[in-house]
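Presented below is the structure to which this report refers.
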Amino acid sequence: MPRPTPAQLASGSATVVLSALALLLFTRTTHALGVAAIGVAAMALGLLVATALPMSRALKAAARPGSSKRAATPAPRPKAHAGAGADSSGTR
């Protein structure tokens, strides 16, 4: 499994902090079970955001017109004439 990039870590961490803060403010919960549930939900949301970042980049790259499989394969070499190939090889 590849290591997360700094962009993934930053977006995931920011999502966890901001979503936990927003949920705690909106629900106004004081019960320990409610705070724990909000913490788990915020962590899950942060993980989802951090892992969705590379997927969205891959989808955008695949959607570009120049990134098709056909464009990625090298073009076939033009065939050399029979007379030119014999002279350039060094055998007479």
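The values are calculated or read from the model by the stated rules, or taken from the named source; none is laboratory data. Given the structure is predicted, the values throughout are model-derived calculations rather than measurements. All accessible areas refer to the heavy atoms of the entire protein, side chains included, with ligands and DNA or RNA removed. Shrake-Rupley method; radii C 1.70, N 1.55, O 1.52, S 1.80 Å.
Apart from one condition, ALA71 fits all of (1) modelled with pLDDT of 65 or more; (2) over 18 Å from the mean Cα position of the chain (by Cα); (3) within 30 Å of PRO2 (Cα to Cα); (4) open to solvent by less than 80 Å² (accessible area, probe 1.4 Å); the exception is (1). Restricting to the range 11-24, name every residue that is among the small types (Gly, Ala, Ser) and open to solvent by 60 Å² or more (accessible area, probe 1.4 Å). Selection gives SER13 alone.
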